[in-house]
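The values are calculated or read from the model by the stated rules, or taken from the named source; none is laboratory data. Since the model is a prediction, treat every value here as computed from it, not as a measurement. Note: ideal-geometry Cβ built from the backbone for every residue, glycine included; neighbour counts use all protein chains shown.
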Amino acid sequence: MISKRSMFFFILPALIVLAVFFVYPILLSFQLSFTNFTGVGAKDFVGYDNYPKIANRTRYPHAMWVTIKFTFVVVLFQTLAGLAFAAMLHRRPAVRNFCRAALFTPAMMSFVVVGYIWQFIYSPYSGALNSLLRDAGLEALTRGWLGTPSTALYAIAIAHIWMFVGYTTAIFLAGYANIPGEIEEAGRLDGASSWQRFLWLEVPLLAPSFTVNIMLSTIGTLKTFELPFIMTRGGPDGATSTFSLEIIDQLFSKYRFGFASALSIVMLVVVVAVAAVQNAYLRRREEH
């Protein structure tokens, strides 16, 4: 048997990495959030002054609302799309491995590449989407998808879903692999249709996969800034300005390290709070 002391030495490298690259940066950000540090010079202590500014300036509550709306849309439709793909592939084992690899391909691409691909698709003049609508006789529906405040955020959400739906599908397929074959066979013998088996047998038994998917996609999407930055720079008129994008702007464009640190702490609190509530609810759902 391995002694507790030996176990400690096994996990020590992981603890060191966690402390250096996770705990220490958070503590440093928390310290900087009480200063007006600009990256050079002295760190003048300003107390809690940075935090009221976040609440009192409309751009930051607006950015938080944009982030929450973006997260809700992405998590909802990415989970549903992943579940639908997994259910279809589960019933088609002959093409499952090939399709799984194809679904993973977008996630292996760089955010920059994905962003520019979808920028071209959404281009108002030569873009693939508007060209397709014109060819289908639906020219009235064409528009500048990334240049219109009412559609820009949803256009980026579609690109994000396209990129990561493969991960969601793979997790659901792993959940399907854990469903005993006897249960599905019993459903067939009882005369349940494919839809009834999916709704009343498969979905409840996939509860752990729902938990993993929703948690991962929520945390990842709340922190997202890459696609909004690449595709719209937060525009038009702040319609796609996520909270993380505001942090990046304050940090690298305005060099307000102290204020950016305060924004980062607020973002951390929101992510942890949402994750904790989600985890508690989804874990209880697994037990029922």
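The figures follow:
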quantity: Met231 vs. criteria touching a residue at least 40 places away in the same chain (Cβ under 8 Å), touching a helix residue (DSSP H, G or I) at 6+ places or on another chain (Cβ under 8 Å) and closer than 23 Å to Thr151 by Cα; calculated: yes
quantity: Pick from segment 192-226, criterion in a helix (DSSP H, G or I) and under 15 Å from Ala63 (Cβ atoms), ranking: farthest from the chain's Cα centre (by Cα); calculated: Leu222
quantity: Glu286 being among the acidic types (Asp, Glu), buried (at least 20 other Cβ atoms within 10 Å of the Cβ) and touching a residue at least 40 places away in the same chain (Cβ under 8 Å); calculated: no
quantity: Residue identified as more than 25 Å from Val66 (Cα to Cα) and among the β-branched types (Val, Ile, Thr) among Ile248, Ile183, Ile230; calculated: Ile183
quantity: Candidates Leu89, Leu32, Leu83, Leu76 - the one that is of a type outside the set (Gly, Ala, Ser), in contact with a Cys (Cβ under 6 Å, 6 or more places away or on another chain) and surrounded by 14 or more Cβ atoms within 10 Å (Cβ to Cβ); calculated: Leu89
quantity: Count of segment 66-109 residues which are within 19 Å of the chain's Cα centre (by Cα), at pLDDT below 95 and among the aromatic types (Phe, Trp, Tyr); calculated: 2
quantity: Residue satisfying all of: in segment 263-283; surrounded by 13 or more Cβ atoms within 10 Å (Cβ to Cβ) and under 16 Å from the mean Cα position of the chain (by Cα); farthest from Trp65 (Cα to Cα) among these; calculated: Asn279
quantity: Test: residue in segment 52-60 that is polar (S, T, N, Q), assigned to a helix (DSSP H, G or I) and more than 30 Å from Pro236 (Cα to Cα); calculated: no
quantity: Breaking point among (1) in contact with a Ser or Thr (Cβ under 9 Å, 6 or more places away or on another chain); (2) farther than 30 Å from Ala262 by Cβ; (3) of a type outside the set (S, T, N, Q); (4) surrounded by fewer than 16 Cβ atoms within 10 Å (Cβ to Cβ), for Ala136; calculated: (1)
quantity: Whichever residue in segment 154-187 is closer than 13 Å to Trp118 by Cβ and of a type in the set (Phe, Trp, Tyr) and, among such residues, is nearest to the chain's Cα centre (by Cα); calculated: Trp162
quantity: Residues of segment 118-143 classified as at pLDDT 90 or above, within 24 Å of Pro106 (Cα to Cα) and not in a helix (DSSP H, G or I), total; calculated: 2
quantity: Flag if Phe259 is farther than 23 Å from Ala170 by Cα, buried (at least 21 other Cβ atoms within 10 Å of the Cβ) and aromatic (Phe, Trp, Tyr); calculated: yes
quantity: Residues of segment 4-45 classified as at pLDDT 90 or above, β-branched (Val, Ile, Thr) and outside any helix (DSSP H, G or I), total; calculated: 1
quantity: Residues satisfying the stated conditions in segment 227-263, i.e. of a type in the set (S, T, N, Q), in contact with a Pro (Cβ under 9 Å, 6 or more places away or on another chain) and in a helix (DSSP H, G or I); calculated: Ser244
